[in-house]
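S.K.: What follows is a single structure, and I will ask about it in a moment.
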Amino acid sequence: MSTVLSPTGAMIPVARPYIGTEEENEVLNVLRSGWVTQGPRVAEFEEKFAAYVGCDHAIAVSSCTTALQLALWVTGIKPGDEVICPSLSFIATANCISYNGATPLFADIDLDTYNADPDEVEALISSRTKAILVVHQIGLPAQMDVFERLAAKYGLNLIEDAACAIGSEYNGQLIGRPIGDLACFSFHPRKIMTTGEGGMITTNDAKLADRLRRLRQHAMSMSDVVRHNAKQIATEAYDEIGFNYRMTDMQAAIGIVQLGRLSDLLERRRHLAQRYTEALKELSWQTAPHVPNNCRHNYQSYMVRLTGAASSKRDAIMQALLEKKISTRRAIMAIHREIPYVRASWDDRLPRTNLVADTGMILPLYHQMTEAEQDYVIEALTEIQL
């Protein structure tokens, strides 16, 4: 019989968005304004997001998936091309490559950071390779200096899947400046800041930014805001096939408030993550996250890797925690095991990816989590009998 008692008796979720009355009020203001689609609040959100990460241009879109698909599109990825990415990622990383008719090639990971191993990436480069899609996995920055050199050496585009990496730092700079050609962020509710759904592309290339703004709105030659404010009749043109990947002003209004909260959200998550790391040191059957000296983690998720006797018992451990009203999640998925991407050779080429996918476990971590709730999770973990 467990000796631990739930602080509230309620389920402790693995994640929970932090949304308050200020976000509610801003959405009401948008609804009352009469302008609810992509408009002035989106432009304001873009300006503030660019200022936060330190880039020249930020382009808001409907999701990080559409952001990644557009980023590959504007860098010229087309059918017959190959793009290298990790398999240890959410399936959208590979899907956005497939959307453009290209083929994803999966690189194995570094076992310490769970990010793509640069040597494994280089081994996959061929004449068909056109880009490297680097993932900052669960918020930990990849070693971008190495990937930047690889991209330059082979003449490849470098795109950052920064879905989880808002507020993370590499070599003292925030992810999103960007280091590659473009970086793409997610505002899904599982992320540190949210707009419900939504994404953002950052770049320092003015021409790419201008094209992205057009493509997200059916490649329309002028925005609705420009047309609405025109003093003379203005007729738009469509010079290429575009997409409907717009963000609404309601989402942007939430995003503006969330961006203002971000420093507090990050501080709290880092505090809770440190408490986990310190408290779980004595559990020999798990490995805490490793953070290189030149990185600052945002702890979008706190993932431990099970070792020794625990490595084959992850599902049983997760079930035991669930029975104590503690929600956990499996590690990051291995895309090459999903039906659209199964190929016999990948399993042999990706042993470290397979290991982490099979033995990783994500623990509850969110802004509102109390220390009493976290202590309950920690004590439940220490009581597990292997």
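The values are calculated or read from the model by the stated rules, or taken from the named source; none is laboratory data. Every value quoted in this text rests on a predicted model; they were computed, and no experiment measured them. All Cβ positions, even for glycine, are placed from backbone atoms using ideal geometry, and neighbour counts span all protein chains on display. Note: areas computed on protein heavy atoms with side chains; ligands, DNA, RNA excluded. Shrake-Rupley method; radii C 1.70, N 1.55, O 1.52, S 1.80 Å.
S.K.: Could you work out the relative contact order of the chain? I mean the mean sequence separation of Cα pairs under 8 Å and 6+ apart, divided by the number of residues, in percent.
M.R.: Reported relative contact order: 24 percent.
S.K.: Pop out the ³J(HN,Hα) list for region 353-360 in order, Karplus 6.51 cos²θ - 1.76 cosθ + 1.60 with θ = phi - 60°, rounded to Hz; leave Gly and Pro as x.
M.R.: 4, 4, 4, 5, 4, 8, 10, x
S.K.: Which order do HIS290, HIS297 take when ranked by solvent-accessible area (1.4 Å probe, heavy atoms of all protein chains), largest first?
M.R.: Working: HIS290 85, HIS297 10 Å².
From most accessible down to least: HIS290, HIS297.
S.K.: Taking a 1.4 Å probe, which of VAL61, VAL342, VAL291 shows the most accessible area, and what order do the others take after it?
M.R.: Of VAL61, VAL342, VAL291, the descending order of accessible area is VAL342, VAL291, VAL61.
S.K.: Below 8 Å, C-alpha to C-alpha, sequence gap of six or more: please give me the relative contact order for region 296-386 in percent.
M.R.: Working: 84 pairs, mean separation 38.0, N = 91.
Worked out over region 296-386, it gives 42 percent.
S.K.: Could you pull the accessible area for PHE185 with a 1.4 Å probe, rounded to 10 Å²?
M.R.: 0
S.K.: Relative contact order, percent, of region 220-366 when contacts are C-alpha pairs under 8 Å separated by at least 6 residues?
M.R.: Values: 129 pairs, mean separation 31.4, N = 147.
It comes to 21 percent, rounded to a whole number.
S.K.: If I fit a long axis through the Cα atoms of helix 371-382 and take the longest principal axis of the Cα atoms of the chain, what angle between them do I get, 0 to 90°, rounded to 10?
M.R.: In the chain, helix 371-382 runs at an angle near 50 degrees to the longest axis.
S.K.: Note the angle between two axes, namely the Cα long axis of helix 40-53 and the longest principal axis of the Cα atoms of the chain, as a number of degrees from 0 to 90, rounded to the nearest 10.
M.R.: 60
S.K.: Put ILE384, ILE166, ILE19 in order of accessible area, largest first, 1.4 Å probe: what do you get?
M.R.: Per-residue accessible area, sorted high to low, gives ILE19, ILE384, ILE166.
S.K.: Suppose R0 equals 41 Å. What FRET efficiency, 1/(1 + (r/R0)^6) with r the Cβ-Cβ distance, do THR8 and ASP56 give to the nearest 0.05?
M.R.: 0.35
S.K.: Excluding ligands and nucleic acids, what accessible area in Å² is computed for TRP73 using a 1.4 Å probe, to the nearest 10?
M.R.: Approximately 80 Å² for this residue.
S.K.: Tell me the label-point distance for the pair ALA316, GLU169, using the 7 Å Cα-to-Cβ offset, in nm and rounded to one decimal.
M.R.: 4.3
S.K.: What lysines sit close enough to LYS191 to cross-link, taking a C-alpha to C-alpha distance under 23 Å and skipping anything fewer than 8 places away on the same chain?
M.R.: Cα-Cα hits under 23 Å: LYS48, LYS325.
S.K.: Where the Cα atoms of the chain are projected onto their three principal axes, how long is each span, largest first, in whole Å?
M.R.: Principal extents (largest minus smallest coordinate, Cα): 76, 53, 38 Å.
S.K.: Can you tell me the length gained on complete extension of the stretch SER263 to MET222, counting 0.36 nm per residue apart and subtracting the Cα distance?
M.R.: 11.3 nm
S.K.: Run the quick spin-label model on ILE384 and ALA206: label points 7 Å from Cα toward the beta carbon, then report their separation in nm to one decimal.
M.R.: So the two model labels end up 5.4 nm from each other.
S.K.: Give me the lysines in straight-line cross-link reach of LYS281: C-alpha distance below 21 Å, same-chain residues under 8 apart excluded.
M.R.: Cα-Cα hits under 21 Å: LYS313.
S.K.: In whole Å, what is the distance between the alpha-carbon centres of region 312-330 and region 230-309?
M.R.: Cα centres, region 312-330 to region 230-309: 24 Å.
S.K.: I've got another one for you. In square angstrom, rounded to the nearest 10, how much accessible surface does PHE90 have for a 1.4 Å probe?
M.R.: 140
S.K.: Let me ask something else. Suppose only helical runs count, i.e. DSSP H with n ≥ 4. What mean residue ellipticity at 222 nm does that imply for the chain under -39500 (n - 2.57) per run, divided by all residues and rounded to the nearest 500 deg cm²/dmol?
M.R.: -11500 deg cm²/dmol
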